[in-house]
Amino acid sequence: MERIICSNCKHEYSYLSKIWNCQRCSSPLNIIYSKRRFNRDLIIKETYSIWRYKNFLPPLRNIISLGEGWTPLIKHTHRDTNLLFKLEYLMPSGSFKDRGTSVAISRALDLGVDHVIEDSSGNAGISLSIYAAKAGVKADIYVPKDIPKGKLKILEAAEANIFLSNNRKKAYENAVKASKNGFYIGHLWNPFYIEGFKTLVYEVWEQLGGLFPDHIFVPVGSGSNLLGIYYGLEDLLDVGYIDEIPSLIAVEAAGYDIIHKELFGDSGLPRTELADGLRVLFKPRKRELLEIIRTYGHAMVVDETEIMEAYKSLWRLGFTVEPTSSVVYAAFKKAYESGDIRGDDIVLLPLTGNGIKMII
Ligand SMILES: [Zn+2]
């Protein structure tokens, strides 16, 4: 049987525990699998969503799916480098979050939950509202009051119960306070989101048919996408489907560069609000992120000018992303110019959120 384990004190809980953090030390929780391992023969090949990997995801009785995952992988060359854009923004709610939300809301149903509470900069809230509606679960979404107008309108259209807070941090605090009234599904904490994010790696491995990227750039707000990607890579390495973990580059926005600051000190760059999805100053899983990045990766910061330039370039290439998603392209160009990327390297850039939400 699977178990829930504290990422810090390692205390174990039963798999069906209805808790969102460690009851002893308040740290985030993770899942320990009893014997599941990635195996190409156990992929459900006729299913074109994250659920083709059901056999490598946490065991669930209910599955709430809107066809998330199995997103296009588009090849592009930047001078002599091979870029792969993974179009995560083409998911049902227009963001990569749907991979995690599908798993987390399914889990909430397994626990008998009928009311979920979430804090979000926008995308996670939109994703949860849509999946909660499908599941017949009530959703309260706490967002900062300066949430982009387009995202707010979509939340309204999804008939979420919206609670505006003074800023992103307050939205988190208010959601946790309100959790006595319902189940705090918080994507910053919930390990079931991370489990869903693993599937991006499985897909890229299948789509490339053997080749694998040398570098993966990931936008880091709370860092749960990067953690999921790392766990997916570990699964493939464990069964010998890849030879090594590619370099994982955590990309943060100037002023919200908690990981970069911890590793390399202050970037000295002025704060930007442009990448609204990355305005997360409190990262509950910071310790786990630092451990992975110290071992396998690197951290980079991009400023407002670099984000805007990359955003415009991506739209010119036909990728209708939001500014938050552009940070990976901005960071890649910087790494390329400084010589950190070799000419024939393969570079994966997940494009996480749909820019049309910002315009509506
Ligand atoms: Zn603990």
>> Among (1) touching a Pro at 6+ places or on another chain (Cβ under 8 Å); (2) at pLDDT below 95, there is one condition Asp266 misses while meeting the rest; what is its number?
In response: (1)
>> When you scan segment 84-102, do you find a residue that is away from the ligand (no atom under 16 Å from the Cβ), outside any strand (DSSP E or B) and more than 22 Å from the chain's Cα centre (by Cα), even just one?
In response: no
> Is there a residue in segment 72-80 that is under 26 Å from Leu278 (Cα atoms), away from the ligand (no atom under 16 Å from the Cβ), within 18 Å of the chain's Cα centre (by Cα) and outside any strand (DSSP E or B)?
Replying inline: yes
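State which residue is farthest from Tyr131 (Cα to Cα) when the search covers only segment 154-172 and only residues that are in a helix (DSSP H, G or I) and of a type in the set (A, V, I, L, M). Break it down stepwise before answering.
Quick first cut of segment 154-172, residues in a helix (DSSP H, G or I) only: 154-157, 168-172.
Subset that is of a type in the set (A, V, I, L, M): 154-155, 157, 171.
Details: Ile154: 13, Leu155: 12, Ala157: 13, Ala171: 20 Å.
Here the residue is Ala171.
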>> Criterion first (within 16 Å of the ligand (Cβ to nearest atom) and either surrounded by fewer than 14 Cβ atoms within 10 Å (Cβ to Cβ) or aliphatic (A, V, I, L, M) (or both)) does Lys45 satisfy it?
In response: no
> Looking at Tyr329, Tyr311, which is the one that is among the aromatic types (Phe, Trp, Tyr), buried (at least 22 other Cβ atoms within 10 Å of the Cβ) and within 28 Å of Asn166 (Cβ to Cβ)?
Replying inline: Tyr311
> What number of residues within segment 80-131 are polar (S, T, N, Q), surrounded by fewer than 24 Cβ atoms within 10 Å (Cβ to Cβ) and within 24 Å of Glu2 (Cβ to Cβ)?
Replying inline: 1
>> Being within 18 Å of Pro59 (Cβ to Cβ), in a strand (DSSP E or B) and either within 11 Å of the ligand (Cβ to nearest atom) or of a type outside the set (A, V, I, L, M) (or both) is the filter here; which residues of segment 1-38 pass it?
In response: Arg3, Ile4, Ile5, Glu12, Tyr13, Ser14, Leu29, Asn30
>> Pairs needed: first member in segment 15-30, within 18 Å of Gly196 (Cα to Cα); second member anywhere, modelled with pLDDT of 95 or more and within 7 Å of the ligand (Cβ to nearest atom); C-beta distance under 9 Å; at least 6 residues apart or different chains.
In response: Pro28/Cys6; Pro28/Asn8; Pro28/Cys22; Leu29/Cys6; Leu29/Cys22; Asn30/Cys6
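Restricting attention to segment 25-39, report how many residues are over 23 Å from the mean Cα position of the chain (by Cα) and surrounded by 12 or more Cβ atoms within 10 Å (Cβ to Cβ). It would help to see each step written out before you state the result.
At the first step, the residues of segment 25-39 found to be over 23 Å from the mean Cα position of the chain (by Cα) are 25, 34-35, 39.
Next, from what is left, pick out any that are surrounded by 12 or more Cβ atoms within 10 Å (Cβ to Cβ): 25, 39.
Result for segment 25-39: 2.
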> Just to be sure, is Ile194 surrounded by 17 or more Cβ atoms within 10 Å (Cβ to Cβ) and touching a His at 6+ places or on another chain (Cβ under 8 Å)?
Replying inline: no
>> Test of understanding: among Lys283, Lys261, which residue is within 24 Å of Ser26 (Cβ to Cβ) and over 18 Å from the mean Cα position of the chain (by Cα)?
In response: Lys261
> Restricted to segment 53-68, and to residues that are touching a residue at least 40 places away in the same chain (Cβ under 8 Å) and assigned to a helix (DSSP H, G or I), which residue is nearest to Ile31 (Cα to Cα)?
Replying inline: Phe56
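The values are calculated or read from the model by the stated rules, or taken from the named source; none is laboratory data. No experiment lies behind these values; they were computed from the predicted model shown. Virtual Cβ from ideal backbone geometry, glycine too; neighbours counted across all protein chains shown.
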